[in-house]
Protein chains: 2
Amino acid sequence: MKLATLRDGTRDGALVVVRHDGAAFVRADDVARTLQAALDAWTSTEPGLRALAQRLDSGAVEGEPLDVRQLHAPLPRAYEWVDGSAYLNHVRLVRKARGAEPPPTLETDPLVYQGGSGVLLGPTDDLVLPDPDWGLDFESEIVVILGDVPLGTRAGDANQFVRLITQCNDVSLRNLIPNELAKSFGFFQSKPATAFGPFAVTPDELGSAWRDGRAHVRVRSTLNGRVVGDTDAGPEMHFSFFQLLEHVAKTRAFTAGTLLGSGTVSNADRARGISCLAEQRMIETIEQGKPRTPFLRAGDRIDVETLDGTGASLFGRLSQTVRAPA
Amino acid sequence: MKLATLRDGTRDGALVVVRHDGAAFVRADDVARTLQAALDAWTSTEPGLRALAQRLDSGAVEGEPLDVRQLHAPLPRAYEWVDGSAYLNHVRLVRKARGAEPPPTLETDPLVYQGGSGVLLGPTDDLVLPDPDWGLDFESEIVVILGDVPLGTRAGDANQFVRLITQCNDVSLRNLIPNELAKSFGFFQSKPATAFGPFAVTPDELGSAWRDGRAHVRVRSTLNGRVVGDTDAGPEMHFSFFQLLEHVAKTRAFTAGTLLGSGTVSNADRARGISCLAEQRMIETIEQGKPRTPFLRAGDRIDVETLDGTGASLFGRLSQTVRAPA
């Protein structure tokens, strides 16, 4: 089942069920007004949503034609956005790029940061860049949307709390990161609003590609129409979503609708390309002595799409254009 | 006007207006079902809430007797919890306690961290401590609750976005902090759920004590019935709430209902006492060579109350008992 959130002038948008091919939708207001409301009462809302999906996919109802520009993020605002950094190739390259060592516990203790979640970007929202010197970068990631997670949940019990899967562009301001991390309180100004979607899908949409707490899918990043990364999100996710969940639930509980991210998808095989420019710039530095690729500038467009084994798009196309403030 | 959130079996509770003396309340369902809903449409909900407060304070309606144990946090879950660390005396003492240097930009660049906000504790909820070795500590703070804050908001324009003021206990697990900060992504496991309330009040309740983006009030922390701190939240708040707001809004916007904290209230005058045990332990180390005060253990009770110039309680009494998991 694919879900999305339609812009309707309200803060949290209107929940819709999307046809399997992503080309049509039906409104789900009768089941739940918003995706958050659906997640808050998932046991009672899921059957009604699945019934709508079945009617739409079988052709029993035609639905309305879907234009991705009508869509918000699946959750236009969420109660938490927790982002891991589970692809160690990414951690090693990016830390090298800013002259920092990976932590000695890199392979045993997951890296996660608490992101801002009160204002999230829709999948076609512009990336507004007040100052090009901030070093705007994209980061293509897989994200799971959780049900209520109790304190102390273990990895072995985590699968039951994964309600939906989607993708994000975890926007970063690279040149603000070093000074911010030097203060030791983590990211803040260096992480502007993150973009999600278009679609959030139930794990069964991935079939056997959802296994061991990892999405064995391809994440394709396209910059100004040129594919810059076609990365495998599966085996190189060192800590699975289940392990990330155990890590974050060690000392507190999470509410339904919490977003948990994988970190930038990254493969050691350079032929796969990149899911963020910081990696590209580091590879250039290693190979050519200095970075050639600039960070994003006004007018640049970044597209992110996640493909299953047949090449079909799982979450639709996230497509964002950088622009200066109005 | 004083507001609070009544436990009613729902996730977000029911909005109530509290009488000025904190002893009675009226339900505000007719105006807004929840505090978040009130904040989402503040221009249209504030007049109705103020009318209820006026009738309650004037005695035109009696209201229901208020038992603080009936109350959730004002926002049982919020879209963001952003916490500053604006009392430099606290930063200096706590960093000294863990052998870390304050950042060189301590006096010019605010420290803030992004906290978890999906599961917040009510003012009388127990502090559940799975492992006493984690080093449980309280931190008494002032918190403002914001309206919608645009990207790029400046300190000079910030006052209009402060809707409500309350207090919190920003619970910390001190012994988990060093390893976590060493990874450079900020706090996560070391910050379990934060407790807020009982009441959130409009700035006019503070009268002239709300000025220059600071709450010139006393924050009193009581441990097992003994007052351990009676600190002045005013002049030593090095960065005002307005400056903190400018800092966090540099690269993104915030939704209504965002919680912004002051950091642990702390005074250089040791006669004022402390608002967290880490400070006490550092003072003992300086004066006696080692800490004598243990961190919190099962059975300990911490009370936090904020007093105005007349000694009246502004936000009611937060009172939490530490216990092991059931």
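The values are calculated or read from the model by the stated rules, or taken from the named source; none is laboratory data. Small disclaimer: the values here were computed from a predicted structure and weren't measured. Cβ coordinates were reconstructed from backbone atoms using ideal geometry, including for glycine residues, and neighbour counts include every protein chain displayed. These accessible areas exclude ligands, DNA and RNA; they are computed on the full protein's heavy atoms, side chains included. Shrake-Rupley method; radii C 1.70, N 1.55, O 1.52, S 1.80 Å.
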All conditions in (1) more than 10 Å from chain A (Cβ to nearest Cβ); (2) open to solvent by less than 20 Å² (accessible area, probe 1.4 Å); (3) in a helix (DSSP H, G or I) are true of B:Glu180 except (1)
Here the residues within region A:77-110 that are in contact with a His (Cβ under 6 Å, 6 or more places away or on another chain) and not in a loop (DSSP other than H, G, I, E, B) are A:Leu88
Pairs returned, first residue in region B:11-28 that is on the phi < 0 side of the Ramachandran plot, second residue that is in a loop (DSSP other than H, G, I, E, B) and open to solvent by less than 20 Å² (accessible area, probe 1.4 Å), beta-carbon separation under 6 angstrom, 6 or more apart or interchain, are B:Asp12/B:Thr34; B:Asp12/B:Pro76; B:Leu15/B:Ala28; B:Leu15/B:Ala32; B:Leu15/B:Thr34; B:Val16/B:Ala28; B:Val17/B:Ala28; B:Val18/B:Phe199
Restricting region B:83-142 to residues that are small (Gly, Ala, Ser) and open to solvent by 20 Å² or more (accessible area, probe 1.4 Å), the one nearest to the other protein chains (Cβ to nearest Cβ) turns out to be B:Ala100
Matching residues in region B:47-83 (of a type in the set (Val, Ile, Thr) and in contact (Cβ under 8 Å) with a residue 60 or more places away in the chain) number 2
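Residue-by-condition table, conditions (1) away from every other protein chain (no Cβ under 14 Å); (2) surrounded by fewer than 14 Cβ atoms within 10 Å (Cβ to Cβ); (3) in contact with a His (Cβ under 9 Å, 6 or more places away or on another chain); (4) not aromatic (Phe, Trp, Tyr):
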position	(1), (2), (3), (4)
B:Ala28	yes, no, no, yes
B:Trp42	no, no, no, no
B:Glu46	yes, no, no, yes
B:Ala53	yes, no, yes, yes
B:Pro74	yes, no, no, yes
The condition from (1) open to solvent by less than 20 Å² (accessible area, probe 1.4 Å); (2) closer than 21 Å to A:Phe254 by Cα; (3) of a type outside the set (Gly, Ala, Ser) that B:Ile165 misses is numbered (2)
Among the residues of region B:239-268, the number that are more than 14 Å from every other protein chain (Cβ to nearest Cβ), open to solvent by 10 Å² or more (accessible area, probe 1.4 Å) and more than 18 Å from B:Ala97 (Cα to Cα) is 1
The one condition B:Val201 fails out of (1) over 27 Å from A:Pro192 (Cβ atoms); (2) among the hydrophobic types (A, V, I, L, M, F, W, C); (3) touching a Pro at 6+ places or on another chain (Cβ under 7 Å); (4) in contact (Cβ under 8 Å) with a residue 40 or more places away in the chain is (3)
Of (1) within 19 Å of the chain's Cα centre (by Cα); (2) touching a residue at least 60 places away in the same chain (Cβ under 8 Å), B:Pro235 satisfies every one except (2)
If you go through B:Ser184, B:Ser208, B:Ser221, the only one that is modelled with pLDDT under 95 and polar (S, T, N, Q) is B:Ser184
